[in-house]
Amino acid sequence: MYKWFLASRYLYTKLIALFGVAAVTLCVAMVLVVLSVMGGFLDTVRSRSRGLHSEIVLEGGTLQGFPYYGEFGEHIQAEYPDLVDVTTPAIYTYAIFRVPATTWTKPARVLGVRLNDYVKVNDFQKGLHYDRYYPGTTRLGLQGIPVAGVVEPGTDAGRLPDAGTFRLPPDLEAANERWRLEETDPEAIRGFDVSPFQRAPFPYVTPAILGERVYSVDYGPPRYEGPEHYGVIVGCDLLNQRRDDGDFNRFLARGGDIALTLMPLSRTGTATGEPPIRVPLRYVDDSRTGIYEIDSLCVYVDFDMLQHKLAMDPQALVAGGHTPSRANQLLIGLKDGVDINAARDLIGQEWLRFYGSLLPEIHDVDALAMRNAEVYTWEDLQRPFIQAVEKEKVLVTFLFSLISMVAIVLIGCIFYMIVEKKTRDIGILKSLGASGRGVAGLFIVYAGAVGLVGTVLGTGLGATVVWYINDIQDFLAYLNPQLRVWSPDVYSFDKIPNVVKLPDALWIASLAVLSSIVGSLIPAWIAGRVWPVSALRYE
Amino acid sequence: MSKPLLRARNLHKSYMMGREPLRVLKGASFDAEEGEFVVITGSSGSGKSTLLHVLGALDVPDRGTVEFDGRSLFDLADVARRRYRSHDVGFVFQFYHLLPECNVLENVLMARLVACSFWGWRQVRRQARHEAEELLERLGLSERLRHRPNELSGGERQRVAIARALINHPALLLADEPTGNLDTEVGRDILRLLTELNVAGQTIVMVTHDAKVAAHAHRYVRLSSGVIRKVESPADGRVSTGSAAKETIP
Ligand SMILES: Nc1ncnc2c1ncn2[C@@H]1O[C@H](COP(=O)(O)OP(=O)(O)OP(=O)(O)O)[C@@H](O)[C@H]1O
Ligand SMILES: [Mg+2]
């Protein structure tokens with residue numbers, strides 16, 4: 001009993017214990033912060049990676065693609081209605097991205113997708129900017145430039161733009177109204193900063209008939225202008241400039257001109273010999289997957305348009321007949337609750353069977369392309385990326401735990417000093433009949449208590465740091481911009497993950513208490529061996 | 001009639017001083033009977049504390065035996081020896097040796113706590129507390145229960161130490177110069193207290209180098225050259241010789 005009593009008494013009467021508590025506090029806080037941030041980082045990478053693909057991807061492995069993707073999609077949808085939810089093809093290629101208004105050029109990875117199905121198999125829609133405020137208006141088909149104007153020309157003529165009477169074309173206005181009604185977060189509505197002037201109206205200046213003004217200005221009605229082009233969704237970091245607050249400065253108005261220069265390939269993968277083709281497009285939205293490597297590179301266009309431009313649609317053969325159309329991927333969305341790995345194996349086997357059944361009739365080139373195609377899960381595709389982060393997490397946690405070993409040594413030193421100072425007390429206790437084991441136990445309990453208090457404080461401190469880590473970074477960056485370590489270019493995300501997970505906290509806490517106890521073992525053992533008389537002899 | 005409570009025979013103890021052994025006890029033999037108040041005197045450095053520590057099982061002799069109630073202390077298992085320290089003897093030190101972090105009451109109760117398990121203590125807590133308070137009141141410390149040792153005078157500290165030694169009702173009280181650090185006035189108070197305890201039936205063995213203090217005892221022996229030399233009874237002035245000689249209390 002005296003162990004518990006004295007340990008608690010020592011805990012709050014001995015100043016030296018505070019050093020031990022402080023050491024444990026700092027180590028616990030440090031490891032908790034590192035583990036939480038790295039764990040959050042990993043989770044973000046995983047969830048973002050998950051949102052990038054469909055659950056299952058049939059990947060052609062080549063730029064020229066593989067045939068019979070559509071037939072296979074229909075086949076497995078008919079064959080496994082409980083398993084397969086949606087299938088949708090995709091084409092990827094590389095192009096030169098150009099903004100005619102600025103003569104900017106950049107390399108781009110072009111994805112041809114069927115937007116309506118594509119958003120069903122992944123989280124693509126969540127990352128669209130205009131689609132949030134004008135739901136349903138982001139389309140990849142042919143479209144003109146939306147231009148704001150005054151609703152009733154004549155009555156509003158002469159008002160300045162900030163008079164607030166400018167309106168977008170009715171479909172956009174209605175979509176925005178819908179968003180306002182559905183948005184539950186009043187902050188978002190108040191913070192709505194998508195200018196209604198997605199394309200600033202060009203005023204027609206006419207001489208005024210009445211009034212003091214020399215000119216009257218007629219903006220015309222809201223309308224769609226310009227030639228109709230196919231839409232393009234652009235990765236947010238490709239076109240825009242990221243601001244410190246995480247949003248973007250958008251230079252190009254919605255509906256602005258973008259041009260892609262494409263290089264069609266034949267079905268064997270050779271260049272067709274035609275000159276590269278230039279495709280004019282309308283900028284309809286920007287996409288943010290949250291992974292910088294993707295958002296600074298990818299643009300998204302209509303599947304059928306791209307297939308046609310790249311000559312991957314059926315081509316007439318000299319000998320008669322047509323080549324089958326080709327795609328690079330078949331994205332397969334699964335029904336909820338399906339085991340993803342089992343589904344991959346099943347669909348993989350089905351693909352081989354499907355290929356075998358077609359083999360007698362198809363051309364060698366097509367057969368080869370099909371044989372190269374393989375079925376993956378999203379995790380298979382992202383594994384190198386996720387694994388890198390996983391390894392990083394383990395490594396960093398290991399390094400910091402190693403540093404925390406210092407706390408064990410520190411506890412050892414502190415307790416050695418305490419035991420030295422308490423030799424007389426140990427002698428007294430032994431003269432009262434305490435056993436060596438009991439006295440050792442006293443110091444172990446004491447160390448455990450120090451560890452426990454330090455752990456509680458450290459968990460509190462660490463959790464607070466994690467919760468406010470973005471504010472801390474903002475403050476540091478305010479002191480010195482060089483201190484902004486979490487840059488979106490480096491880490492793909494603009495916010496440092498700030499969630500503490502209970503299991504992590506519990507693990508660290510128990511390890512910390514255990515470490516404190518381990519640190520005190522040698523001093524406790526020494527204390528247990530003190531011979532009563534040698535401790536008592538002198539004052 | 002009284003019977004021998006403690007019986008030490010032929011105790012040898014030496015310390016290594018560098019290469020040379022310093023022989024402190026060279027065959028000391030000593031008896032204490034139930035209800036007796038024995039004083040051991042001797043010059044400083046003669047080994048009185050060493051002897052008392054051996055008697056209290058706080059130290060082991062190189063040779064020789066100590067029997068308490070017929071059992072040989074140094075043949076006992078460790079557990080039994082701990083039980084001897086906690087239940088059968090109470091030790092009072094020259095330097096009080098109180099726990100500085102604990103108050104008066106806690107210091108006294110510590111002797112009980114040491115022998116109790118976590119759950120055992122919950123059952124006896126109230127009783128033990130009551131006993132401790134009563135004992136401290138008897139020693140005139142009822143006003144000081146919540147004081148820390150550093151807030152007490154030397155005499156008060158020594159009385160706390162005595163209370164701690166007595167709380168488990170030991171058969172034998174060993175006191176090592178309990179007045180050594182106190183001025184004469186206060187020292188006399190402590191001695192009076194010990195005498196009262198003895199009159200109430202407590203067996204006491206006290207060490208001192210002050211021959212005047214010895215006057216309070218029934219009997220006093222002298223430790224010199226590592227052996228118990230003489231046994232005297234200051235009360236009636238009779239002097240006898242021989243280490244095994246005994247004196248009865250009138
Ligand atoms: N741990 C030790 N190591 C070496 N020598 C020791 C040790 N303990 C005691 N001694 C020596 O043993 C001798 C006896 O010591 P002890 O304390 O028993 O004497 P004492 O009679 O109690 O003296 P005092 O009256 O001053 O208290 C002394 O000379 C002392 O120096
Ligand atoms: Mg002494």
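Among rounded, prolate and oblate, which fits the protein assembly as shown when a ≥ b ≥ c are the square roots of the eigenvalues of its C-alpha gyration tensor, a/c under 1.5 means rounded, and a/b larger than b/c means prolate? Note, shape of the protein assembly as shown comes out prolate. Residues of the range A:360-379 with amide nitrogen under 17 Å from the 7 Å Cα-to-Cβ point of A:Ser266? Backbone N within reach: A:363-369.
Seen against the Cα atoms of chain B and their longest principal axis, helix B:104-113 is set at about 70 degrees. Within the range A:222-323, antiparallel bridges make up roughly 70 percent of the DSSP beta bridges whose residues both belong there.
Just reorder B:Asp75, A:Asp504, A:Asp366, A:Asp185 by solvent-accessible area, largest first, 1.4 Å probe, all chains present.
B:Asp75, A:Asp185, A:Asp504, A:Asp366
A dipole drawn for chain A from +1 and -1 charges on Cβ atoms has a positive end, and of A:Ala527, A:Val24, A:Cys298 the residue lying farthest that way is A:Ala527.
Where the only charges are on Cβ atoms (+1 Lys, Arg; -1 Asp, Glu), what is the dipole of the range A:233-293 about its Cα centre, to the nearest 20 debye?
Details: 8 positive and 9 negative charges, 47 e Å.
Dipole about the Cα centre, nearest 20: 220 debye.
Per-residue packing, averaged as other Cβ atoms within 10 Å, sorts the ranges A:337-348, B:91-102, A:471-482, A:505-516 into the order B:91-102, A:505-516, A:337-348, A:471-482, beginning with the highest.
Just flag the GluC sites (Glu not before Pro) in the range A:262-363 sitting in loop per DSSP whose Cβ has no more than 13 other Cβ atoms within 10 Å.
Working: sites: A:Glu293, A:Glu350, A:Glu361; in loops: A:Glu361.
Of the GluC sites (Glu not before Pro), the ones in loops of the range A:262-363 whose Cβ has at most 13 other Cβ atoms within 10 Å are A:Glu361.
With point charges of +1 on the Cβ of Lys and Arg and -1 on the Cβ of Asp and Glu, referenced to the Cα centre of the protein assembly as shown, which listed residue (B:Gly35, B:Ala115, A:Ile189) lies farthest in the positive direction of the dipole? In the protein assembly as shown, that residue is B:Gly35. For the pair A:Asp474 and A:Leu15, a Förster radius of 35 Å applied to the C-beta separation gives a FRET efficiency near 0.45, rounded to the nearest 0.05. For chymotrypsin sites (Phe, Trp or Tyr not before Pro), the sites in the range A:232-335 that DSSP calls loop and that have at most 15 other Cβ atoms within 10 Å are A:Phe251. Placing a label point 7 Å from the Cα of A:Thr464 along the Cα-to-Cβ direction, the residues of the range A:1-44 whose backbone N falls under 13 Å of that point are A:26, A:29.
Restriction of the trypsin sites (Lys or Arg not before Pro) in the range B:100-200 to DSSP coil positions whose beta-carbon has at most 15 other beta-carbons within 10 angstrom yields B:Arg146. Note on B:190-202: average number of Cβ atoms from other chains within 10 Å of each residue's Cβ is 0.
Taking square-rooted eigenvalues a ≥ b ≥ c of the alpha carbon gyration tensor, is the range A:231-358 rounded, prolate or oblate, where a/c under 1.5 means rounded and, failing that, a/b exceeding b/c means prolate? All intermediate terms of the calculation are to be shown ahead of the outcome.
Details: a/c = 3.02, a/b = 1.27, b/c = 2.38.
It comes out oblate by the Cα gyration axes.
When ranked by the protection proxy of mean other Cβ atoms within 10 Å per residue, highest first, what sequence do the peptides A:44-55, B:11-22 form? Walk me through the numbers on the way to the answer.
Numbers: A:44-55: 19.8, B:11-22: 12.7.
Answer by packing, highest mean first, reads A:44-55, B:11-22.
In this simple spin-label model, placing a label point 7 Å from the Cα along the Cα-to-Cβ direction at both A:Glu274 and A:Gln241 gives a separation of 3.8 nm. Applying the Karplus relation 6.51 cos²θ - 1.76 cosθ + 1.60 with θ = phi - 60° to the range A:135-141 yields 3J(HN,Hα) values of x, x, 9, 8, 10, 9, x Hz, where x marks Gly and Pro.
What you get for the range B:6-248, charging only the Cβ of Lys and Arg (+1) and of Asp and Glu (-1), is a dipole of about 560 debye around the Cα centre. Subtracting the Cα-Cα distance of B:Ser224 and B:Glu196 from their residue separation scaled by 0.36 nm leaves 7.2 nm.
Computed on chain B, with alpha-carbon pairs under 8 angstrom and 6+ residues apart, the relative contact order is 27 percent. Working from label points 7 Å from Cα in the Cα-to-Cβ sense, the A:Leu402 to A:Arg353 distance is 5.2 nm.
Evaluate the relative contact order of chain A (contact order divided by residue number), counting alpha-carbon pairs under 8 angstrom at least 6 apart; express in whole percent. Present the calculation step by step, with values, prior to reporting the outcome.
On the way: 960 pairs, mean separation 149.2, N = 539.
Relative CO of chain A lands at 28 percent.
Using only atoms on other chains, find how many Cβ atoms lie within 10 Å of each Cβ of peptide A:422-428 and report the average. Walk me through the numbers on the way to the answer.
Numbers: counts 3, 0, 5, 7, 0, 3, 12.
Partner Cβ neighbours, averaged per residue: 4.
The residue among A:Leu476, A:Pro276, A:Tyr12 whose Cα reaches farthest toward the positive pole of the charge dipole of chain A, with charges on the beta-carbon of Lys, Arg, Asp and Glu, is A:Tyr12.
Annotation: per residue accessible area for the range B:6-248 equals 45 Å², rounded to a whole number [probe 1.4 Å, protein chains only]. Annotation: A:Thr138 carries an accessible surface of approximately 10 Å², with a 1.4 Å probe and no ligand, DNA or RNA atoms counted.
With both partners inside the protein assembly as shown, how many of the DSSP beta bridges are antiparallel, as a percent to the nearest 5? Taking every DSSP beta bridge within the protein assembly as shown, about 75 percent pair in antiparallel fashion.
Principal-axis analysis of the Cα atoms of chain A puts helix A:170-182 at an angle of about 20° to the longest axis.
When the dipole is taken about the Cα centre of the protein assembly as shown, and only Lys, Arg (+1) and Asp, Glu (-1) are charged at their Cβ, what size is it in debye, to the nearest 20? Write down the numbers at each step before the final one.
Working: 84 positive and 90 negative charges, 1015 e Å.
That gives the protein assembly as shown a dipole magnitude of about 4880 debye.
With every protein chain left in place, what is the accessible area of A:Leu115 in Å² (1.4 Å probe, nearest 10)? For A:Leu115, solvent-accessible area is about 20 Å². Taking label positions 7 Å along the Cα-Cβ direction at both A:His308 and A:Met417, the computed distance is 8.1 nm, reported to one decimal. Note on A:Glu374 and A:Ala22: with the Förster distance fixed at 56 Å, the Cβ-Cβ geometry gives a FRET efficiency of about 0.50.
Go through B:Glu67, A:Glu74 and list them by solvent-accessible area, largest first, probe radius 1.4 Å.
Values: B:Glu67 65, A:Glu74 130 Å².
I get A:Glu74, B:Glu67, largest accessible area first.
Nearest 10 degrees, 0 to 90: what angle lies between the long axis of helix B:154-166 and the longest principal axis of chain B (Cα atoms)? Helix B:154-166 sits at roughly 90 degrees to that axis.
With r as the distance between the Cβ atoms of A:Phe192 and A:Val499 and R0 = 45 Å, compute the FRET efficiency 1/(1 + (r/R0)^6) and round to 0.05. Provide the component values of the computation, followed by the final result.
On the way: r = 28 Å, r/R0 = 0.61.
It comes out at approximately 0.95.
Element breakdown for the protein assembly as shown at a 1.4 angstrom probe: carbon and sulfur atoms account for 56% of the accessible area. Residues of the range B:105-131 that become at least 10 Å² less accessible with every protein chain present than in their own chain isolated, using 1.4 Å: which are they? Relative to the lone chain, where solvent access is computed with a 1.4 Å probe, the range B:105-131 loses at least 10 Å² at B:Glu106, B:Met110, B:Ala111, B:Leu113, B:Val114, B:Cys116, B:Phe118, B:Trp121.
The values are calculated or read from the model by the stated rules, or taken from the named source; none is laboratory data. From a predicted model like this one, the values you see are computed outputs, not experimental measurements. Every residue, glycine as well, gets a Cβ built from its backbone with ideal geometry; the counts of neighbours run over all protein chains shown. SASA here: full protein model, heavy atoms, side chains in, ligands and nucleic acids out. Shrake-Rupley method; radii C 1.70, N 1.55, O 1.52, S 1.80 Å.
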